[in-house]
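Undergrad: Structure below; questions to follow.
The values are calculated or read from the model by the stated rules, or taken from the named source; none is laboratory data. Just so we're clear, the structure is a prediction, and the values are computed from it rather than from any experiment. Here the Cβ is made from the backbone with ideal geometry for all residues, glycine too, and neighbour counts use every protein chain on show. Quick note on the areas: whole protein, heavy atoms, side chains included, nothing else; ligands and nucleic acids left out. Shrake-Rupley method; radii C 1.70, N 1.55, O 1.52, S 1.80 Å.
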Amino acid sequence: MWVSVLVLIIIVSLESRWSEGCLELRLDGNSIASCVENEAFCSRGIQSETMKNLVDELRTFHRLHVSGRPSKAPCILEVNWHPPLSGCLKVNTDMTAFGSPGLAGCAGVFCTYKGFVKSCFAIPLDVCFAFEAELAAAVHAIDYAWTFGWRQLWLESDSTFVVDTLRSRSRKVPWRWRPVWDRCLSFISQMDFAVTHIYWEGNQVAGSLASRSPSIVSPTWWWTAPNFYNSF
């Protein structure tokens, strides 16, 4: 619509000056506004685009007598991280992948019922797909928990694939992960285990650690929170 308005202004101006024997463009502000309003009024039924729901944009549409098409309001969700119950540990896992497939890494953060970091890990991975890196994070978290005798475990991930696969105890994983995955399924069958999904906004602590994992030389374990966690 706006392109047609500008074209109309130029054509009208050229025609008026040509009739006067002059090609000099001297556009009058009132005449331009009148042309724009008239063209907009004639084109008010054309609504192929949506508005950005800005106040200034709405005022402009009202001035031009155009009924805009507001864009749909986003769905706003409150995302909160919750600590586990007393006697239980919670581990949040995440991954980073530079491409899919690409160089990747995974990480996990174990927290107590008071919300304190008990331990965390970061592991560099070879070239793999993003969902494999998410799977690796869960596998290592469960394996660490079993090794240290933590039998009450709540795993939380922002990967729906990992959450759904663990909930259903599905064995539909890449063949190279099948042996360690079967072992993890055996572990959680003997644990008081729960798994939930959390959006990325609530998983940024694990995400921050995961973002550093591809650059480390070997798997790293911390018994306290790393120094760079102070910003969270």
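Undergrad: Between PHE129 and ARG151, what's the calculated FRET efficiency when r is the beta-carbon distance and R0 is 25 Å? Round to 0.05. Before the final figure, lay out the partial values.
TA: Details: r = 31 Å, r/R0 = 1.25.
Working from the Cβ atoms, E equals 0.20.
Undergrad: On to the next question. Can you tell me how much longer the chain between ILE76 and LEU58 gets when fully stretched, taken as 0.36 nm per residue apart minus their C-alpha distance, in nm with one decimal? Working shown, then result.
TA: Numbers: separation 18, 0.36 × 18 = 6.48 nm, distance 2.24 nm.
Result: 4.2 nm gained on full extension.
Undergrad: Using the Karplus equation 6.51 cos²θ - 1.76 cosθ + 1.60 (θ = phi - 60°), what ³J(HN,Hα) coupling, rounded to whole Hz, does each residue of region 193-198 give in order, writing x for Gly and Pro?
TA: Result, rounded to whole Hz: 10, 9, 9, 9, 9, 9.
Undergrad: What list of ³J(HN,Hα) couplings, whole Hz, do you get for region 208-219 from phi and the Karplus terms 6.51, -1.76, 1.60, once you set θ to phi - 60° and write x for glycine and proline?
TA: After applying 6.51 cos²θ - 1.76 cosθ + 1.60, I find 5, 5, 5, 5, 8, 5, x, 8, 7, 7, 8, x Hz.
Undergrad: Ordered by residue, what ³J(HN,Hα) values in Hz, to whole numbers, does region 105-121 give under the Karplus form 6.51 cos²θ - 1.76 cosθ + 1.60, where θ = phi - 60° and Gly and Pro are x?
TA: Using θ = phi - 60°, the values come out as x, 9, 7, x, 10, 8, 10, 8, 5, 8, x, 8, 6, 8, 5, 7, 9 Hz.
Undergrad: Could you do me a favour and compute the accessible area per residue for region 127-171, 1.4 Å probe, result in Å²?
TA: Details: 1790 Å² over 45 residues.
Each residue of region 127-171 exposes 40 Å² on average to a 1.4 Å probe.
Undergrad: What's the FRET efficiency of ARG212 with ARG69 using the Cβ-Cβ distance as r and R₀ = 41 Å, to the nearest 0.05?
TA: Values: r = 45 Å, r/R0 = 1.09.
According to the calculation, E is roughly 0.40.
Undergrad: Determine, for each peptide in 183-194, 87-98, 214-225, the mean count of other beta carbons within 10 angstrom over its residues, then list the peptides with the highest first. Don't skip to the end; give the middle numbers.
TA: Working: 183-194: 14.7, 87-98: 22.6, 214-225: 12.7.
The most tightly packed comes first, giving 87-98, 183-194, 214-225.
Undergrad: Does region 69-117 come out rounded, prolate or oblate by the C-alpha gyration tensor, with a ≥ b ≥ c the root eigenvalues, rounded set by a/c under 1.5 and, if not, prolate when a/b is larger than b/c and oblate if not?
TA: Working: a/c = 5.19, a/b = 1.25, b/c = 4.15.
It comes out oblate by the Cα gyration axes.
Undergrad: Follow-up question, since we're still on this one. For PHE116 and GLN190 in the same chain, what is the full-extension length gain: residue separation times 0.36 nm, less their Cα-Cα distance, in nm?
TA: On the way: separation 74, 0.36 × 74 = 26.64 nm, distance 2.56 nm.
Between PHE116 and GLN190, full extension yields 24.1 nm more.
Undergrad: Continuing with the same structure: Can you give me the % of accessible surface on region 133-186 that is carbon or sulfur? Probe 1.4 Å, all protein chains present, nothing else counted.
TA: Details: 1370 of 2530 Å².
Answer for region 133-186: carbon and sulfur cover 54 percent of the accessible area.
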